[in-house]
Structures are given as structure tokens and as C-alpha cells.
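Written out below as C-alpha cells is the structure these notes cover.
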Amino acid sequence: MTKPLRLATRQSPLALWQTEHVAARLRAVHPGLAIELVPMTTRGDRIIDRPLSEVGGKGLFLKELEVAMLEGEADAAVHSLKDVPMALDGPFVLAAILERGDAFDAFISTKFTDIDVLPRAARVGTSSLRRQAQLRARRKDLVLVDLRGNVNTRLAKMEAGEYDAIILACAGLERLGLSRYIRHRLDAPGWLPAPAQGAITVECREDDPRTRDLLAALDHAPTRTCVEAERAMNRRLHGSCTVPVAAYATLDGRILSLEGLVGDADTGECIRASEVGQSHDPEGLGRLVATELMLKGASRLLGLPDAG
């Protein structure tokens, strides 16, 4: 336990909170383990004037952290799992997925209590195509405006009057002690989150058994089962931040349920499917729901070959 475990992290307040949380959990299960944080700025953090879908996707938040692991500057990296691409590059594994926080989105406004009471042509801030599609499905009259930056930056823009409302993840607000901003919780089945939203994961090199063993103690099996189903659905749909895909799985004993959605951010058209399976096969359930979505017309929205 004399060799410190080095955790790479982005430098945003939320990323640092999540990494400190992982560090505290590791110290609790491995007394005497020294942990060092390796804060880094990623390309995704630097480019805040354009939507992620235009500049390379959420994988931009991982690359520098993965390079640090490859070059021996860090042993592991802490991520929001919803930001992790469906297929990892290089020799990496998700060694731990922590127990999921609140998976859903929050409606935030200084003046209004919910989407339905916003005035006509109200300005709503979000750069997520998934959120835009579901907003359009509810209110085609809304003016949807791009919103980037960390949580505090986004809240400051809303409070300055640039937006009538914004949509953020509940988990991020709660972790930063900002849950007072949540005016309305947008939850299932009416509103679906991003695949794996609310879950924290720790990535490391596959060929690093010491780090993998240390991190394995933090893995939460029920959360892993649920998010694997959601990510399998998204993978089958070739999903990324460039397409509006939403998913939410729940586990009741050995019964795994999955709801999925594919939308159109311009028209608000949303195609839904849901299925029930067994907890031992989250991958199969995810693929099944993805296939049903494509048979219902999601292939057209995603620009994929017709599943039929």
C-alpha cells in the first residue's frame, strides 16, 4: 500500500467532486492506501463555444486522461459514465462502476416551475440533442439555445437572464450541493435520461492488475447490470452525442427492465420501445430494445439501414 494510486481527473468542480468521492471510497475499503489526484484539462473542456456533436463528441473528455495512463502519469481515470464512448479505445477497461446517483434530468428556472408553464417561445438552454428532442416533443414552440460550460457556468448564465430555463442532470447538482435549483425532476417514463446518466466509473489499463484489484472493491453489481443494458442498446444503435438516444433500466430481483428512446431534435419525433429480460443478460436486453426501436422507425432517424 506504499505506492500511491494516481487518479486522473478533469478540473471542473463536478469532476473533482467525483474523483474525491472515489478517493474517499478507496481509502475506506483499503486503509493505508495513498491516493494522488492528477487534475487535467481536456479538449472537451477547452471547446465551449460549439456543441459537442460538432467537435468530436463526448470522447473529447477522455483522451488526455487515457494518454496520461498510457504514459505512466496516472493509474486510473474517473469519469461520468454517460461521457464514456460505447467502445473504449486502446487497452482500457471500466474496472469499477459505482452505485448510481439520481439518473434523471432537472428543469431549472428562476421564474417557472415546469416545461408546461413556460411562455410561448421561451428560451431553454441545453446542448444535448436528447434533451432537445424530448423538449420539442412536449413544446414545439420553444426556442432551444446551445448551452456549454460547467454546472456553475450554466447556472450563472440562466440567472443572468440569458435563458428562461435550462436542463441539467440532477446528479451533478446534488453532488455539488446545488439541488435547491431543481424546480422539477424530469423522470421516467415521461422523460428518459442519457444511457448511464448518474453513474460514476473508474477506467484503468487492462494490463494493470494492481489497479484493477484495488478498484474492483467499488464496483456496484446492480448498477453495472442496468448501465450495461443501456449502453448495449446505445451501442447497437451506434449512438453518440450526435444522435438523440435515451435509455433507462431498472432491476427488480433478477428481472431487468429497459426503456429506450430515439428522437429527432428538429421535429420532436420520438420513437420508444421497452422490454423485460433477465439480469444475467443485460447485453441481450439492450440489443433487443435497440432492434425494436429500429423496427419502429428509429433507423430512419439515425440514418441506419432499415432493420426490417
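The values are calculated or read from the model by the stated rules, or taken from the named source; none is laboratory data. Bear in mind the structure is a predicted one, so any value in this text is a computation, not a measurement. All Cβ positions, even for glycine, are placed from backbone atoms using ideal geometry, and neighbour counts span all protein chains on display. The accessibility values were calculated without ligands, DNA or RNA, using every heavy atom of the protein model including side chains. Shrake-Rupley method; radii C 1.70, N 1.55, O 1.52, S 1.80 Å.
Could you work out the relative contact order of the chain? I mean the mean sequence separation of Cα pairs under 8 Å and 6+ apart, divided by the number of residues, in percent.
On the way: 669 pairs, mean separation 62.4, N = 308.
It comes to 20 percent, rounded to a whole number.
Assuming R0 = 22 Å, can you tell me the calculated FRET efficiency for the pair Leu304 and Ser274, based on Cβ-Cβ distance, to the nearest 0.05?
It comes to 0.65.
Could you tell me the center-to-center distance, by alpha carbons, between the range 254-304 and the range 66-136 in angstrom?
Cα centroid to Cα centroid, the span is 19 Å.
Assuming 0.36 nm per residue, please report the length gained on full extension of the stretch Leu16 to Thr153 beyond their Cα-Cα distance.
Numbers: separation 137, 0.36 × 137 = 49.32 nm, distance 1.56 nm.
Gain in length upon complete extension: 47.8 nm.
So what is the relative contact order for the range 174-308, in percent, with contacts set as C-alpha pairs under 8 Å and at least six apart? Let's see the in-between values first.
Numbers: 200 pairs, mean separation 28.2, N = 135.
Taking the mean separation of contacting Cα pairs over the length of the range 174-308, I get 21 percent.
Per DSSP H run of at least 4 residues, take -39500 (n - 2.57); add these up for the chain, divide by its residues and hand me the 222 nm value, nearest 500 deg cm²/dmol.
Mean residue ellipticity, 222 nm, calculated: -9000 deg cm²/dmol.
With charges set only on the Cβ (+1 for Lys and Arg, -1 for Asp and Glu), what does the dipole of the range 222-308 come to about its Cα centre, in debye to the nearest 20?
On the way: 9 positive and 12 negative charges, 37 e Å.
Computed about the Cα centre, the dipole is about 180 debye.
With a probe of 1.4 Å, find how much accessible area the chain has per residue, and write the answer as a whole number in Å².
42
Ordering Trp17, Trp191 by how much accessible area each has at a 1.4 Å probe, largest first, what is the list?
Descending order: Trp17, Trp191.
Which residue fluctuates the most in the chain, going by a Gaussian network model with Cα springs under 10 Å, if the choices are Ser179, Ser128, Ser274?
Looking only at Ser179, Ser128, Ser274, the biggest GNM fluctuation is shown by Ser179.
Once you have the Cα-Cα distance between Asp207 and Leu295, take 0.36 nm times their residue separation minus that, and quote the gain in nm to one decimal.
Extra length available between Asp207 and Leu295 comes to 27.7 nm.
If each residue of separation counts as 0.36 nm, what is the full-extension length gain between Glu283 and His238 once their alpha-carbon separation is subtracted?
That pair, Glu283 and His238, stretches by 14.8 nm at full extension.
Return the percentage of antiparallel bridges among DSSP beta bridges fully within the range 47-200, rounded to the nearest 5 %.
Counting only bridges with both partners in the range 47-200, antiparallel ones make up about 60 percent.
Which label marks the calculated value of log10 I(q)/I(0) by the Debye sum over Cα atoms at q = 0.11, 0.13, 0.14 Å⁻¹, given the options [x] -0.67, -0.94, -1.09; [y] -0.57, -0.81, -0.96; [z] -0.76, -0.94, -1.03?
Correct label, based on the coordinates given: [x].
Accessible area of the range 143-302 with a 1.4 Å probe: how many percent of it is carbon plus sulfur? Numbers along the way, then the final one.
Values: 3000 of 6500 Å².
Accessible surface attributable to carbon and sulfur in the range 143-302 totals 46 percent.
Using a Förster radius of 22 Å, what is the FRET efficiency between Ala217 and Leu251 based on their Cβ-Cβ separation? Nearest 0.05, please.
0.60
How would you rank 118-124, 232-238, 213-219, highest first, on the average number of other Cβ atoms within 10 Å across their residues?
Listed from highest to lowest mean packing, they are 232-238, 213-219, 118-124.
If you restrict to DSSP beta bridges whose two residues both lie in the chain, what percentage is antiparallel, to the nearest 5?
Of those bridges, close to 70 percent are antiparallel.
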